[in-house]
Each structure stands twice: as structure tokens, then as C-alpha cells.
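Notes for the one structure printed next.
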Amino acid sequence: MSSKPMLRIEGLAKNYGGLKAVRGVSFEVPEGEIVGLIGPNGAGKTTTFNMIAGAEKPSSGKIFLLDQEITGLQTEKLYYRGLMRTFQLSHEYAKMTSLENLMVAGPSQVGENMFMNWISPVKVIKRETEILERANYTLDFLGLNHVRDELAGNLSGGQKKLLELGRTMMGDSKCVLLDEPGAGVNPTLMVKVTEMIRTLNEEQGYTFCIIEHDMDLIANLCKNVIVLNDGQILMQGTMEQVRNDERVIDAYFGGGVI
Ligand SMILES: Nc1ncnc2c1ncn2[C@@H]1O[C@H](COP(=O)(O)OP(=O)(O)OP(=O)(O)O)[C@@H](O)[C@H]1O
Ligand SMILES: [Mg+2]
């Protein structure tokens, strides 16, 4: 059963001066699926995410979210359309607690708008209460209750990665791009992270595109895997097909480690 594309990328390219980091990449992420994006270091995976998520302007190509073109839209606009991303290197606010980190990722901080505060304080309080409830639910879901009031800068690498995932739960996410959710996460926590992603997909209807070097996580979650190499799609298929493809083996072992 194949569904309509949540995300469609057409001929996406990014040049940094003379360096062609991404050279004409086209793929689809079907609604309700978890698609893996893998490839050796420097293949252009994060650059591809940066362009989709509005952090980098494509040199050429187009991006569509549910058939609406979103090429070049800023991160905030994408947030309100349901597209969110996490970062390869966690982007926590070190001097804020875990709870506060989630709360600032909540929808439209109406309380920060002085005019709204003055004209409709009840609305502001209601919205802030909703955000607090959602943040507490998210901490519970992630198993981070015990570090609710801890400064995020003091969390372990794995806990910071969980907080990254949690930020995507604070908005009405439909499509979430995860950049190495397993980096720096210990094997026990890795199993939990895998299950959390599966739960968000199956029970909350999130569509995911996941960059990851941990092939177990990819094999466990993704039906379809796209392999990038040197800024281009080398192949796509099931993990089984990817594992047995000579070109993939060459790309990884020719260029470095998996
Ligand atoms: N802002 C930038 N300026 C110049 N070159 C960049 C920039 N960002 C990325 N690159 C280069 O583009 C290429 C692709 O980088 P990218 O970070 O997308 O790779 P990746 O597939 O995410 O690798 P990794 O698995 O190591 O995270 C690399 O050669 C990188 O050095
Ligand atoms: Mg990367």
C-alpha cells in the first residue's frame, strides 16, 4: 500500500563555492512512513535536511510538503505547517531546564507578546497552561521526568538527543526530520529511542525521515532506505537490498566507516 507523498524533493542541489555538496537529489517520503537516509560521512545528508528545513537556501531544486511548495520557507513557517527537524549536534539551551527547553519549543509564545498579555490575559494563561501540560507529557513520554528541572547543559549526550526529539512533540508535527537521533546514545537507550520513534509513527501519525549511521535503528524502523553518496542518490530500496548492494559496500568502505 503506498500513500501520497508527505514530502517530495525534486532535483535539490547545494553548492558551497566550488564544492557540490548535494547534486540533484530527488526522492519522496510517503505519508505515514519512516524513510531512512544513509550514506558515508560528507555524503550530503545534513545539507539535504538543512535545505528542506529552511536552514539553507537550495542552489536549485524544489521541495513540496503535501503537494504545496515549501522551497526556501523559513523554519518558523515550516513549524506551523507541521515540518520539524532535529539537529545532528543537539541544540539545547544549556542554561535552561529540560522543561523550559520544551516549553520554548511550544506553539506561538503568546505570553511574550505584550499586546496579547494586556488585551487577553486569560487566553495567554490558557495557552501557557496547555504548553506546560504538553511539556510534562513529553518529559514523561521520553522518560526524562527525573531531569525535568535540571539545566539542559548538564544532561548526558543521550538525554540531550531525547530532548531534541521532545522538541518535535511540542508542535503539531506531521513530518519530522531526525538527524542522527542515535548519535552518542548508549545501546540500552537506543532501543528505547527506536521504540519512541515507532510509537510516534504508529500512534500519533508522524511521518519521519531519519539520517542515521546505526544500521540497526534504520533496519528496525525503515521500510525504504535512500543511500546518498557524494551528493547523489546511489540507490534506494529495502534495508535487505541496501545491505547486499556492491555499490553501497564500496561507498562505505571506499570512503570511510559506516
Ligand atoms: N556550510 C558549509 N560550508 C561549506 N561546506 C559545507 C558546509 N556544510 C557542509 N559542507 C560540506 O558539504 C559536504 C556534505 O556535508 P554534510 O554535512 O551534508 O554531510 P553528511 O552526509 O551529513 O555527513 P555526516 O555523516 O558526517 O554528518 C561535506 O563535504 C561538507 O564538508
Ligand atoms: Mg550529517
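Out of segment 87-103, which residues are in a loop (DSSP other than H, G, I, E, B) and away from ligand 2 (no atom under 16 Å from the Cβ)? Before you say what the answer is, go through the steps one by one.
To start, the set of residues in segment 87-103 that are in a loop (DSSP other than H, G, I, E, B) comprises 87-96.
Across segment 87-103, the qualifying residues are 92, 93, 94, 95, 96.
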Among the residues of segment 30-57, the number that are away from ligand 1 (no atom under 13 Å from the Cβ) and over 13 Å from the mean Cα position of the chain (by Cα) is 4
Those residues of segment 139-174 which are under 11 Å from residue 106 (Cα atoms) and either charged (D, E, K, R) or in contact with a helix residue (DSSP H, G or I) (Cβ under 6 Å, 6 or more places away or on another chain) (or both), in sequence order
166, 167, 169, 170, 171, 172
Would you mind stating whether residue 55 is hydrophobic (A, V, I, L, M, F, W, C), in the same structural domain as residue 230 (by TED's automatic domain parsing) and within 21 Å of residue 226 (Cα to Cα)?
no
Note on residue 87: of the conditions (1) closer than 18 Å to residue 209 by Cβ; (2) aromatic (Phe, Trp, Tyr); (3) exposed (fewer than 14 other Cβ atoms within 10 Å of the Cβ), unmet is (3)
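Residue-wise test of (1) part of a helix (DSSP H, G or I); (2) of a type outside the set (Phe, Trp, Tyr); (3) away from ligand 2 (no atom under 16 Å from the Cβ).
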position: 8; (1), (2), (3): no, yes, yes
position: 25; (1), (2), (3): no, yes, no
position: 36; (1), (2), (3): no, yes, no
position: 43; (1), (2), (3): no, yes, no
position: 47; (1), (2), (3): yes, yes, no
position: 63; (1), (2), (3): no, yes, yes
position: 78; (1), (2), (3): yes, yes, yes
Please enumerate the residues belonging to segment 138-156 that are under 20 Å from the mean Cα position of the chain (by Cα) and of a type in the set (S, T, N, Q).
138, 156
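Residue-wise test of (1) modelled with pLDDT of 90 or more; (2) surrounded by fewer than 15 Cβ atoms within 10 Å (Cβ to Cβ).
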position	(1), (2)
100	yes, no
116	no, no
126	no, yes
135	yes, no
141	yes, no
149	yes, yes
168	yes, no
182	yes, no
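Can you find a residue in segment 220-238 that is in a helix (DSSP H, G or I) and without any contact (Cβ under 8 Å) to a residue 24 or more places away in the chain?
Within segment 220-238, not a single residue is in a helix (DSSP H, G or I) and without any contact (Cβ under 8 Å) to a residue 24 or more places away in the chain.
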Members of segment 55-80 found to be in contact (Cβ under 8 Å) with a residue 40 or more places away in the chain and surrounded by 14 or more Cβ atoms within 10 Å (Cβ to Cβ), listed by number:
56, 58, 59, 60, 61, 62, 63, 64, 65, 66, 79
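Those residues that are assigned to a loop (DSSP other than H, G, I, E, B) and of a type outside the set (S, T, N, Q), I need them from segment 181-215; list them, please. Give the derivation first.
We begin by selecting, within segment 181-215, every residue assigned to a loop (DSSP other than H, G, I, E, B); these are 181-186, 205-206, 212-214.
Those that are assigned to a loop (DSSP other than H, G, I, E, B) and of a type outside the set (S, T, N, Q): 181, 182, 183, 184, 185, 205, 206, 212, 213, 214.
The values are calculated or read from the model by the stated rules, or taken from the named source; none is laboratory data. The structure presented is a predicted model; accordingly, all values stated were derived computationally and were not measured. No Cβ is skipped: glycine too gets one built from the backbone with ideal geometry, and neighbour counts run over all protein chains shown.
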